[in-house]
1. Please find, within segment 714-729, the residue that is surrounded by the fewest Cβ atoms within 10 Å (Cβ to Cβ) out of those that are under 16 Å from Leu758 (Cβ atoms) and not polar (S, T, N, Q).
2. (1) over 30 Å from Gly141 (Cα atoms); (2) open to solvent by 40 Å² or more (accessible area, probe 1.4 Å); (3) in a strand (DSSP E or B): which one isn't true of Leu77, the others all being true?
3. Restricting to segment 770-816, give me the number of residues that are more than 23 Å from Lys719 (Cβ to Cβ) and in a strand (DSSP E or B).
4. Filter segment 504-563 for residues that are of a type in the set (Gly, Ala, Ser) and part of a strand (DSSP E or B); which is surrounded by the fewest Cβ atoms within 10 Å (Cβ to Cβ)?
5. Which of (1) touching a residue at least 12 places away in the same chain (Cβ under 8 Å); (2) under 30 Å from Met623 (Cβ atoms); (3) open to solvent by 20 Å² or more (accessible area, probe 1.4 Å) does Thr692 not meet, given it meets every other one?
6. Restricting the first residue to segment 116-134 and requiring it to be within 17 Å of Ala91 (Cβ to Cβ), which pairs with a second residue that is of a type in the set (Lys, Arg) and part of a strand (DSSP E or B) meet a Cβ separation below 6 Å and a spacing of at least six or different chains?
7. Restricting to segment 846-868, and then to whatever is within 38 Å of the chain's Cα centre (by Cα) and either of a type outside the set (Asp, Glu) or surrounded by fewer than 20 Cβ atoms within 10 Å (Cβ to Cβ) (or both), can you tell me which residue is farthest from Pro812 (Cα to Cα)?
Amino acid sequence: MRLRPTGALLAVLFLTLLDPTGSQHTVVRPDKGSTVTVSTTTTTSNQCSVCTVSGVNDTQTSCHASLSLVPEEEVKLLFQCPQPIAEAFTATIGRTIECTEDSCSPSTVETQPSVLADLSRTFTWELKAPAKTIVSLDILGEGLTESRQSCPGGLQFLVAVSKTSSKGRTRYCPGGSITRLDLPDQAVVTLEVKPGTEVKSVLFQASAGPLKGRIMVVTVDSDTTVVVSRDPEEPECNVCSTDGSTPNCSPTEKTLTNVDKLSLEFSCPKPQDVYTVNIHRKIECTKTSCTPAAGAVDPSLFQDFKRSLTWGIRVPDRTVLTVGFPAALKALSRSESCNDGPQYSVSTTNSEGKSKTSSYCKGGTLSSLDLLGATAVLIEAPKGEEVEPTAFTVKAAPRGGRMMSVTPDPDTIVMFTRVAEEPDCSVCENTEPKQTCNPRHLTLTTASNTSVEFTCPRPQDVFTVEVNKEIDCEKNPCPGDVLQAKSSLFPDFNRTFTWDLKVVSTRAFQLDFPEPGMRQVAKDEVCADGKTYSLVSYLRSGPANIGTFCKGGTVTSVLGRYKGRFVLQVPGDETLDPLDIKLSVGPETTMVAILKVSLPRGVSDTDFITANYPGDFPNNQQMQWDFTVPGMHNYTVLFQQHTAPECLSKEVEMEYLKNGMKVTQLSLTDPQPAHQQGSFSMVLKNCETNQTLPGLNLDYRVSVMRSGHPVLCSVDLTKLPGVSLQLENVGSDPYCEMSVGSEVQQKINVAVGSKASLSFLDCPNEDVRLTARKIIACQKMWSCSAVPLTVPKLDSCLRMPLHSFTWDLSVPKDGTLDLTSPTGSLKQSVPGQECSQSVLLHVAESDGFPIGDFCYNGVVKKVQVHANISVTATAQDFSRIRGPFLNVSFSEEIPETVIYRVTPKTSSPSLLATPNWPEGMRSFSTVSWIVSLPGQYQAQMEFVNISQPKCKDRHTSLKVRMLGQEEEILSRREDEEAEDKLVVPQSFYLNMSNCVPEEGQFGAVTRIDLQKKTNLLAIVLGIAGGLLLLLTVLAVVCIVLNKKKKIAKKNKEASIYMGKGNIFRPGDRHFSKSRSDNESHVYDSIDETMVYGHLLGDSSYSDSIQDRYNGMQPDSYQTFTGPTGEGKLPTIDEPDNEPEVERFNTFLGPSDGFMPPRPCTPINRQDSLGFQDSRMVDNELYTFKSTGDINTIRLSGVDLEPQPPIMEDYL
């Protein structure tokens, strides 16, 4: 084509008018000898068209999807398309270059840059030349470079040596060192230009000349075979070898081996464009080595040809071949190829003759391959591509196998079956020389020890194991048998355990599943733990798949008729738990199967399917489901999907049965039971179906929901200042639902001063833990008043017992909290001194740091804490407790963190523990004990358990000081050794302070025992007084005896006078009974100390005597307690001689029945009436039971000696 005025290749008047319809007008005039074709793209051929416009005022148009223009005729084109013109149309411009043996026409290859520049253009030049003539295209301007990728910039050249060549085209991009293209006859040069890309007007200078061949000199060793071949469809080019005087020529192929410096002559100048080279080598391997040990390559041999280098490697059986690559490779898929560099292919052939090929490229992470069987390595190198001199290395080693001993149980078959084609592996029975191998399967049937060997190291990747056992309950009853699967049998293989079950033809076999039952799933579903259970029943019409199951469901038992197979599939390396599935003989049945289902409590949806689902349910058969529905629950049956068959006789029916109720019969389309209660059975009955059409199947769901009513509770804490509540579900029942408002929660908090609407559904009281807290705050000391810690009455709708109540106490910085017990004292719970009472008080600081656990009736009179604390009370039953748990008052600031005021008991030792025992005290904290001792007692103090830390800052301190004195009797740090025991003679002060520990912790337990003080002077005086008293008593006894004899003669009845006592006469007959029918004349005992009551100068003692001794009981005398009346003693006139009454003779005279008055001598406390010697026993003689030191027991609550005062200033 050429423009009218200039004669260019193509003329374009280029009148471009864009109208709203998306059309464009262009005027084109093709030149003579050129062809122009304008066409739509394949994606727009149905929407777009190119039209010729003609006629008066351009009124005639002819539109086509593709339009070829007539050379030297001007035509006006109209492009119609809703899409952009550049994307919718392409233009192909072709021309032929005719050459003779020495010239070409045209001699220059020209283009017109502006020709249809808005379209994608393809310029083609077809070369024609005589035989044995080469056409040279000299590139004008910058050279070209060969490329396998698309060229940037919108321009790329494609060169094909022939239009019919199957080799493909070579791509060239602008900008390179290639300045000439030598092409044969029929070659085609193509230039592809993208829309809007500028094209040079002159591209090549064309010339022709005689064809010149190429001569090469090659050397090939005897282990190598080289085949040089040409595709017959490629341009003609002969290859000749000169061996002697006669050339040996071939037009298509030449084979070379064991030649040295052989001359090869090609009849074409570029044989590398039409010939390919195949190089074959061999490698022989033993079980331990290969020769040669590497794939060697001559890099210069046919380097500019496309080469295929192949190595055939032979290895013995059971040998592993390791191929290593100097450069790491990456694997390719079948559709991928290497963009750069050589491509590697590795082929292996297994023992069955099957081959496998894998391809690789450079640039990955694969450095070696372990291969089995005969191997071939192929390297395909493009033209000019360099190949490393050592392409790979090879090593051979004996292939590791695996051998095991297998002993099948009786009536058991073990089968190994191949499931993977790779790697090559066989299973062998017995050992050499009787060993037989099979690459596919092996079956063991005898119950004897058999050696099984696999020829690969990981047979579990190739084979599966099936263990089949036959259980015949027809001949031998087998109730209660448990299906067993050995977990140690092939644990790393995929295993299938099958049990073939058989019972009497009219009976059913029954499988009972352990908790938590089984869940029925679709046949192809995989269980979460990988273990899948299935049951097949063998009917006369064929096997029926009863169902596939996973662990954890509602199915508890399955009954199958007559014969069946139970299957367990276990993946490799999966632990096999004991099955515990019990097999027994079930009742007679006509059902295909019976599934027993225990539906769970709460809300649930459980799916079930019929046998063979999604296939057809057996013809004319029945299947039953027995559902156990929990109480207070409703159930609904919903058919999710079903297929109804065409019945030839009868109809498909659903029967619902309940105990004591009439059977309900429904069809598949009837509404099924909904919102009903009670356990039920469902039976599906199939009809006789037309088996040429789809049969019966059913997928249905049983939904369960609770029918109970929630317990509602409205909590109002506005009436309880500072109180908050927490309710927590601590039970194991997952169906207990607690909610506040409408939100279900496991833990509910009711804030201070708020209201809440609570709901409890199926929540036993013991499963809900109720705790409460109360905030007691004091901001200013002057406003702080004493507060009893009492539990307020909570809302009556909270029926669950109160678990604990906590008081959060806060005090000003300059104040102290004083805790006292309503019973008078507290007992700290420590090991060896545990609290066994029903109430326990836990005291901790506000951040949770424990101070200690306490109960009542101990030695702690008061606890003072200089911190905000919480007191948590726990009790067996809060409703039975009246009064406060503790009394809290506020006092001035103390320097210590905690102060305990302690009064030890004389009867038992006391244990004092540091806060947070047995853990350590808080850093920089201080605790003190003010220990008050009773008079005449001293304290034996012992540190029974003490732990000292390694201090980081400051030191720990342990000090003991008597009250009222400045001198410390003990002061030790953590780095000093302290005495374990210490005797403190009077009330004292014990202080412990902590440091900042670096290692360890500081804590201690102190034991305090009270001991009676020893007074030597009192002992000496007591001995002397005792001797004097003994002499006096002896004298008095003699006098009294003599006097008694005289009195007895005068009067048989006598009265006894006791100082400050009552006067009575045995003869006054105060007793209503006679001597013969009562024992009023017999004394149980007479308290010896009461004989000397009139000698006591301290009236407080007599006042302390309990009232229970006053008065008398009939029938017997109790311990004599002295006078019971008040005021002066009455005067009694002794009667004259009264008649002697024999029944009163049991009363002795004063000298016979009572000790003489005790002298007023100084006595020690253990000798006073307030104490009793534990060695004496309560018998008629009131004598000593044992010898030993005096061990007094305090009887009186009054100390005879004042205690030293405790001054507040001293504290």
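1. Asp716
2. (2)
3. So the count comes out to 2.
4. Across segment 504-563, the extreme among qualifying residues is Gly542.
5. (1)
6. These pairs meet every condition: Trp125/Arg95.
7. By that ranking, first place goes to Gly852.
Here's the yes/no breakdown for (1) β-branched (Val, Ile, Thr); (2) touching a residue at least 60 places away in the same chain (Cβ under 8 Å); (3) part of a strand (DSSP E or B); (4) open to solvent by 20 Å² or more (accessible area, probe 1.4 Å):
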{"position": "Thr417", "(1), (2), (3), (4)": "yes, no, yes, yes"}
{"position": "Thr431", "(1), (2), (3), (4)": "yes, no, no, yes"}
{"position": "Pro457", "(1), (2), (3), (4)": "no, no, no, yes"}
{"position": "Gln460", "(1), (2), (3), (4)": "no, yes, no, yes"}
{"position": "Lys469", "(1), (2), (3), (4)": "no, yes, yes, yes"}
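The values are calculated or read from the model by the stated rules, or taken from the named source; none is laboratory data. Just so we're clear, the structure is a prediction, and the values are computed from it rather than from any experiment. For neighbour counting, all protein chains shown are included, and Cβ atoms are generated from backbone atoms with ideal geometry for every residue, glycine included. These accessible areas exclude ligands, DNA and RNA; they are computed on the full protein's heavy atoms, side chains included. Shrake-Rupley method; radii C 1.70, N 1.55, O 1.52, S 1.80 Å.
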